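In what follows, a structure is listed as structure tokens, so that the remarks can point back to it.
The values are calculated or read from the model by the stated rules, or taken from the named source; none is laboratory data. Treat the numbers as computed from the prediction; the structure is a model and nothing was measured. Every residue, glycine as well, gets a Cβ built from its backbone with ideal geometry; the counts of neighbours run over all protein chains shown. Surface areas here come from the heavy atoms of the whole protein model, side chains and all, with no ligands, DNA or RNA. Shrake-Rupley method; radii C 1.70, N 1.55, O 1.52, S 1.80 Å.
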Amino acid sequence: MKILVPVKRVVDYNVRIRVKPDGSGIETDNVKMSMNPFDEIAVEEAVRQKEAGVATEVIAVSCGVEKSQDTLRTAMAVGADRSVLVKTTAVLQPLAVARMLQKIVEKEQPDLVILGKQATDDDANQTGQMLAALLDWPQATSVSALKIENGKAMVTCEVDDGQEMLALTLPAVITADLRLNEPRYVTLPNMMKAKKKPVETTTPEELGVPVDSRLKMLKVAEPAARSQVQMVPDIATLVSRLKNEAKVI
């Protein structure tokens with residue numbers, strides 16, 4: 001059984017996001033980058049399935065700039081066997097990424113694709129669903145538990161009013177929720193070993209996938225500063241201020 005895990009290079013979650021002076025986007029120059037946290041969970045789950053003897057190979061895939069190889073090396077340090085980089089400097093949107101992943105899936109023929117449910121930079125939560133639609137495969141999103149047996153993926157999904165349990169016939173696409181697992185710490189010896197693992201490189205042009213943007217970013221702005229918090233002595237004072245000062249009731 002082969003598992004494919006797409007991973008994305010994003011601004012590290014510990015870094016304070018800064019908007020560019022011209023409002024065209026967020027500042028990424030000289031900023032620490034790392035693997036999207038939800039993708040870390042996806043990689044961890046794929047490796048656990050391999051360690052349990054369910055999967056035989058784990059392949060990491062990333063779409064982006066040359067430095068995305070660092071993200072792939074991290075995935076291989078966790079336990080992925082090899083990786084594929086679709087190298088491009090274009091600003092990628094979910095549909096373009098899904099189409100590139102579709103081409104990789106058609107070539108590699110995995111039994112399961114595990115993605116993070118969303119990326120922390122755009123919070124789109126679209127790529128996994130689009131990929132499943134392009135492949136016409138069963139899908140499950142926000143998965144918090146996974147068990148593979150008898151050619152099916154038994155999953156528990158986090159939904160608005162609780163949990164939903166599904167049985168997906170493989171091949172399938174699932175997206176990982178935070179509750180699925182806790183990613184392991186990547187050790188330095190494993191990072192050194194990952195440098196020796198192969199990274200295959202291709203381009204959108206070689207895959208025959210256009211990367212033209214379908215959406216245009218008009219402006220990025222800092223959120224408005226919060227007003228100073230005021231403590232009130234009782235409920236009556238709170239209601240009075242909401243009515244007479246804030247004018248919200």
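Based on what the data block shows, is LYS247 under 29 Å from ILE3 (Cα atoms) and charged (D, E, K, R)?
When the stated conditions are applied, LYS247 does not pass them.
Somewhere in the stretch 129-151, is a residue assigned to a helix (DSSP H, G or I), within 20 Å of MET1 (Cα to Cα) and small (Gly, Ala, Ser)?
Among the residues of the stretch 129-151, at least one is assigned to a helix (DSSP H, G or I), within 20 Å of MET1 (Cα to Cα) and small (Gly, Ala, Ser), which makes the answer yes.
Can you find, within the stretch 23-50, the residue that is modelled with the highest pLDDT among those that are among the β-branched types (Val, Ile, Thr) and either part of a loop (DSSP other than H, G, I, E, B) or at positive phi (or both)?
Per the stated criteria, the residue is VAL31.
Taking the stretch 194-247 as the search range and keeping residues that are open to solvent by 100 Å² or more (accessible area, probe 1.4 Å) and in contact with a helix residue (DSSP H, G or I) (Cβ under 7 Å, 6 or more places away or on another chain), which one is modelled with the highest pLDDT?
Among residues in the stretch 194-247 that are open to solvent by 100 Å² or more (accessible area, probe 1.4 Å) and in contact with a helix residue (DSSP H, G or I) (Cβ under 7 Å, 6 or more places away or on another chain), the one modelled with the highest pLDDT is LYS195.
Within the stretch 54-68, can you find the residues that are open to solvent by less than 40 Å² (accessible area, probe 1.4 Å) and farther than 24 Å from ILE148 by Cα? Show your work before the answer.
Within the stretch 54-68, the first condition is being open to solvent by less than 40 Å² (accessible area, probe 1.4 Å), and the residues that meet it are 55, 58-64, 68.
The answer is SER62, CYS63, GLY64, SER68.
Being touching a Pro at 6+ places or on another chain (Cβ under 9 Å), open to solvent by 10 Å² or more (accessible area, probe 1.4 Å) and part of a helix (DSSP H, G or I) is the requirement here; does GLU106 meet it?
Spelling it out, it is not the case that GLU106 is touching a Pro at 6+ places or on another chain (Cβ under 9 Å), open to solvent by 10 Å² or more (accessible area, probe 1.4 Å) and part of a helix (DSSP H, G or I).
Exactly one condition in (1) acidic (Asp, Glu); (2) within 29 Å of VAL91 (Cα to Cα); (3) loosely packed, with under 12 Cβ neighbours inside 10 Å is false for ASP177; which is it?
Result: ASP177 passes all but (3).
Sort through THR169, THR175 and tell me the only one that's under 15 Å from ILE41 (Cα atoms), modelled with pLDDT of 95 or more and hydroxyl-bearing (Ser, Thr, Tyr). Quick ask: steps written out before the conclusion?
Numbers: THR169 fails: under 15 Å from ILE41 (Cα atoms).
The conditions single out THR175.
So GLY53 passes all but one of these: (1) in a loop (DSSP other than H, G, I, E, B); (2) touching a residue at least 12 places away in the same chain (Cβ under 8 Å). Which condition number does it fail?
Condition not satisfied by GLY53: (2).
Hey, among VAL173, VAL159, VAL155, which residue is of a type outside the set (D, E, K, R), in contact with a Leu (Cβ under 8 Å, 6 or more places away or on another chain) and free of Cβ contacts under 8 Å to residues at least 40 places away in the same chain?
That would be VAL155, the only listed residue that is of a type outside the set (D, E, K, R), in contact with a Leu (Cβ under 8 Å, 6 or more places away or on another chain) and free of Cβ contacts under 8 Å to residues at least 40 places away in the same chain.
Output the number of the condition that MET76 fails; it satisfies all remaining conditions of (1) open to solvent by 40 Å² or more (accessible area, probe 1.4 Å); (2) more than 14 Å from the chain's Cα centre (by Cα); (3) in contact (Cβ under 8 Å) with a residue 12 or more places away in the chain.
So the condition that MET76 fails would be (1).
Specify the residue that is nearest to VAL78 (Cα to Cα); the eligible residues are those in the stretch 124-174 that are open to solvent by less than 50 Å² (accessible area, probe 1.4 Å), over 19 Å from the mean Cα position of the chain (by Cα) and among the aliphatic types (A, V, I, L, M).
Among those that are open to solvent by less than 50 Å² (accessible area, probe 1.4 Å), over 19 Å from the mean Cα position of the chain (by Cα) and among the aliphatic types (A, V, I, L, M), it is ILE148.
Which one of ILE104, ILE17, ILE26 is among the aliphatic types (A, V, I, L, M) and closer than 27 Å to ALA153 by Cα?
Details: ILE17 fails: closer than 27 Å to ALA153 by Cα; ILE26 fails: closer than 27 Å to ALA153 by Cα.
Residue meeting the stated conditions: ILE104.
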